[in-house]
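See below for the structure under consideration.
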Amino acid sequence: MVLLGFTFFLFRIFEGWFAKSFNRPLFRHYFVYKKLIPSQIKILENDFEFYNNLSEKHKRQFQHRIVEFLSKKKFIGRGELIVTEQIKVLIAAIACMLSFGRKNYTYSLIDFILIYPAEFYSTVNNNFHKGEFNPKERALVLSWKDFLEGFQINNDNLNVGIHEFMHAMQLEAKNSSDIDSARFTKQFQNILKQLTKQEVKDQLDKTKYFREYAFTNQYEFMAVLAEYFFESPQDFKTIFPKLYDYTKKLLNFNFAGY
């Protein structure tokens, strides 16, 4: 037992060194064995293009992650909305897509996912929202109407699901020291440094590529960056190659052609 414990200790040290040196986890999975039921797989095949672009190996990983995500979150319908299997699977799919390159992928700061039929009134700032991450309540809140629009129109760089889950990922990285959070923080700082360069500022002014809301603050910029990364990767890569590369490293994202 002592020898086994010492071996595990050495492995964890090596794993940390590897992640720090190569900007990615040594293993994203130790075991992949959980599977979605056929009706859930059909939802992905019919409605989630990203899943269909994955290799068979990565499809198995994606299914495993969705099962894990669904088992750890409580979905609650608000207003007259009834939470269906489709709602749960599609929200979980967006969350798992964003975190697919991470070892820790289940969003530890979220326990509840609240879904309203449409825009909802938030007491956080006394305004109507399409989405919101509330760390105090450990809740991610979504308008199903707007989630679905962002989901179905996959090239307009507007995706409230990606946006809000990125906020949760940001706070997790800020409060944690695991290998995913360390990589996130490092690459986030690289992104912020890019924004201080005059040539990047000039390109931002010239292209007006990112929507104005991105410049509200650094956290909104990162959330918007994630939307653009997934919805228009080729344009993003062409116009801002370094920002794209740092975002890709931040997410450790090497799947489905990204």
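The values are calculated or read from the model by the stated rules, or taken from the named source; none is laboratory data. The structure presented is a predicted model; accordingly, all values stated were derived computationally and were not measured. A quick note on method: Cβ atoms are made from the backbone with ideal geometry, for glycine too, and the neighbour counts reach across all protein chains shown.
Which helices (runs of 4 or more DSSP H) does segment 163-232 wholly contain that include 2 or more residues that are of a type in the set (Gly, Ala, Ser) and under 19 Å from the mean Cα position of the chain (by Cα)? Even if it seems obvious, please write down each step before you answer.
Values: elements: 179-194, 198-207, 218-231.
Passing ranges, in order: 179-194, 218-231.
When you check TYR105 against the structure, is it in contact with a Ser or Thr (Cβ under 7 Å, 6 or more places away or on another chain) and within 26 Å of GLY257 (Cα to Cα), yes or no? Please lay out each step first, then the result.
Details: in contact with a Ser or Thr (Cβ under 7 Å, 6 or more places away or on another chain): yes; within 26 Å of GLY257 (Cα to Cα): yes.
The answer is yes for TYR105.
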Considering residues that are free of Cβ contacts under 8 Å to residues at least 40 places away in the same chain, in contact with a Phe, Trp or Tyr (Cβ under 8 Å, 6 or more places away or on another chain) and either over 20 Å from TYR258 (Cβ atoms) or hydroxyl-bearing (Ser, Thr, Tyr) (or both), the number found within segment 219-239 is 1
With the requirement that a residue be small (Gly, Ala, Ser), under 30 Å from GLU56 (Cα atoms) and in contact with a helix residue (DSSP H, G or I) (Cβ under 7 Å, 6 or more places away or on another chain), what does segment 201-257 give you?
ALA223, ALA226, ALA256
Which of the residues spanning segment 240-258 are touching a residue at least 60 places away in the same chain (Cβ under 8 Å) and crowded, with 22+ Cβ neighbours inside 10 Å?
THR247, LEU250, LEU251, ASN252
Please work out if LYS20 is closer than 24 Å to PHE184 by Cα and either outside any loop (DSSP other than H, G, I, E, B) or modelled with pLDDT under 70 (or both).
yes
Residues in segment 190-203: is at least one under 28 Å from LEU90 (Cβ atoms), at pLDDT 95 or above and not aliphatic (A, V, I, L, M)?
no
Within segment 112-150, tally of residues that are touching a helix residue (DSSP H, G or I) at 6+ places or on another chain (Cβ under 8 Å) and exposed (fewer than 14 other Cβ atoms within 10 Å of the Cβ)
1
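Checking the conditions here, which among ASN46, ASN23 is among the polar types (S, T, N, Q), in contact with a helix residue (DSSP H, G or I) (Cβ under 7 Å, 6 or more places away or on another chain) and either over 20 Å from GLN152 (Cα atoms) or free of Cβ contacts under 8 Å to residues at least 12 places away in the same chain (or both)? Full working, then the answer.
On the way: ASN46 fails: in contact with a helix residue (DSSP H, G or I) (Cβ under 7 Å, 6 or more places away or on another chain).
On inspection, the qualifying residue turns out to be ASN23.
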Suppose we filter ALA182, ALA226, ALA168, ALA214 for residues that are at pLDDT below 95, closer than 20 Å to LYS103 by Cβ and surrounded by 16 or more Cβ atoms within 10 Å (Cβ to Cβ); which single one remains?
ALA182
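What about LYS174, is it at pLDDT 95 or above and over 21 Å from LYS130 (Cβ atoms)? It would help to see each step written out before you state the result.
Numbers: at pLDDT 95 or above: no; over 21 Å from LYS130 (Cβ atoms): yes.
In short, no.
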